[in-house]
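Where a number appears in this text, it was derived from the coordinates with a stated rule and is not lab data. Note that this is a predicted model, so its numbers are computed, not measured. Backbone-built Cβ (ideal geometry, glycine too); neighbour counts: all protein chains shown.
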Amino acid sequence: MNTIKSLTRGSIIVGGFILGLGTPSVLAADFKTTFTLDVPGGNPLVDTVVINWSTDLTSGIVSESDLTNWSYELLGLGSSVYSETVIVGGVVQPIGGVARTVSDLLFEFDLDTLTSIQFDNDVNVLQELSASGLTYNTYLNLTFGDGISVDQFFDGAIIEVSVDDSTFSQVTTVSSIPEPSTLLGLLAMGSLGVLSRKRQG
């Protein structure tokens with residue numbers, strides 16, 4: 001079951017007034033996609049995957065190369081189990097000290113339906129044998145199935161398959177950020193309003 005929720009920052013305070021933005025042009029957007037697993041598992045328990053990401057695209061399919069930021073968190077019974085930063089400012093980050101490139105990632109999201117298609121934070125399992133500390137391979141990779149899987153590693157050795165191809169429900173929220181030109185226009189309108197009131201006074 002896919003549940004879609006869109007939250008847009010639709011107003012801004014200018015010159016003491018709240019002005020509705022309507023549907024401004026979008027420069028970028030921040031997304032939060034939450035997956036609730038139907039078959040949780042693992043030690044510690046993993047029952048939720050939360051992906052935070054951003055892109056400059058406004059429609060169509062977003063791929064890994066279109067992301068400006070990507071991080072995710074594994075939760076169990078409301079508590080954080082693991083978190084990872086995958087992309088920052090368009091730059092792919094290492095996993096457990098092991099360098100990654102965009103070709104080691106997988107991400108597909110349909111902006112027109114606000115539906116995640118697939119994702120994988122370590123397509124080539126670079127963390128195996130080479131990473132240090134606790135790491136996870138978390139993926140909804142249609143090559144291996146249509147569910148979410150979560151594999152736990154420590155110092156490059158696989159500890160367990162925490163979640164194995166679980167079905168899920170998903171909810172995506174989006175915060176749209178208006179273009180600077182839109183904001184400048186609103187600020188100008190606010191300034192004119194202030195000047196008008198001063199003249200009337």
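The table below lists the values:
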| item | result |
| --- | --- |
| Fewest-first sequence of Tyr82, Tyr139 by Cβ atoms within 10 Å of each Cβ | Tyr82, Tyr139 |
| In nm, spacing of pseudo-spin labels at Ser80 and Ala157 (7 Å Cα→C-beta vector) | 2.8 nm |
| Environment charge at Asp38 (Cβ cut-off 15 Å; Lys +1, Arg +1, Asp -1, Glu -1) | -4 |
| Cα centroid separation - the stretch 28-62 against the stretch 94-157, whole Å | 12 Å |
| Rg(Cα) / (2.2 N^0.38 Å) computed for the stretch 25-174, rounded to two decimals | 0.98 |
| Approximate spin-label separation Asp146-Asp110, in nm, with each point projected 7 Å along Cα-to-Cβ | 1.2 nm |
